[in-house]
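Read-outs: derived from the displayed coordinates by stated rules, not from any lab. Everything numeric in this text was worked out from a predicted model, so none of it was measured. Neighbour counts run over all protein chains shown; Cβ positions are idealised from the backbone, glycine included.
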Amino acid sequence: MATTEPEARVPKRGPAPVQGMGMLIGLLFLVLGAFELMPGVTVGDGSARSLFGVFAVSGPWTLVHLLTGAAAVFCTRSSRLAAWFLVAAGTGYAVAGLAGLLPLPSTVTDVLPMNTAGVCLALGLGTAMLILGAGWLRRGPGRRR
């Protein structure tokens, strides 16, 4: 009877870290959008609504948050798609934060309400998403540690 070598077990690779971060960010945006729809959490009426009395919100901005969250959850199916989502959405939110620093016409500020807290959040979150996505794309999914 011939003896054979035991089969080497190759561990299964789980989701990449960028997929986990994409899912976390997506769920954050979905929860944020849901909170913006709750009457008890948002304070004020019309264009003067604010989330927790801190972040200015509007109907279109809430829709953007919900769509961003849904897209993030969908894009976490692959690491490369999650990284590209983080780069694209991070760029969008960083640009929105920079736009909040500029004096814009009231037609734009009705759709994109930005107070100081919203500008800081958009710039910070957009920059973090850009760094995560671009770092993963630069590193490449094949070079995992």
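Of all residues being among the hydroxyl-bearing types (Ser, Thr, Tyr) and closer than 30 Å to ARG13 by Cβ in segment 55-92, which is nearest to the chain's Cα centre (by Cα)? Just the residue, please.
THR68
Within segment 99-115, how many residues are surrounded by fewer than 14 Cβ atoms within 10 Å (Cβ to Cβ) and under 25 Å from LEU132 (Cα atoms)?
1
For segment 116-132, which residues satisfy the criterion of being out of contact with any strand residue (DSSP E or B) (no Cβ under 9 Å at 6 or more places or on another chain), closer than 18 Å to ALA48 by Cβ and surrounded by fewer than 16 Cβ atoms within 10 Å (Cβ to Cβ)?
THR116
Might you check whether a residue that is in contact (Cβ under 8 Å) with a residue 40 or more places away in the chain, in contact with a His (Cβ under 8 Å, 6 or more places away or on another chain) and closer than 17 Å to LEU130 by Cβ occurs anywhere in segment 29-39?
Within segment 29-39, one or more residues are in contact (Cβ under 8 Å) with a residue 40 or more places away in the chain, in contact with a His (Cβ under 8 Å, 6 or more places away or on another chain) and closer than 17 Å to LEU130 by Cβ.
Among the residues of segment 86-94, is any under 17 Å from ALA16 (Cα atoms) and surrounded by 14 or more Cβ atoms within 10 Å (Cβ to Cβ)?
Yes; the residues of segment 86-94 include at least one that is under 17 Å from ALA16 (Cα atoms) and surrounded by 14 or more Cβ atoms within 10 Å (Cβ to Cβ).
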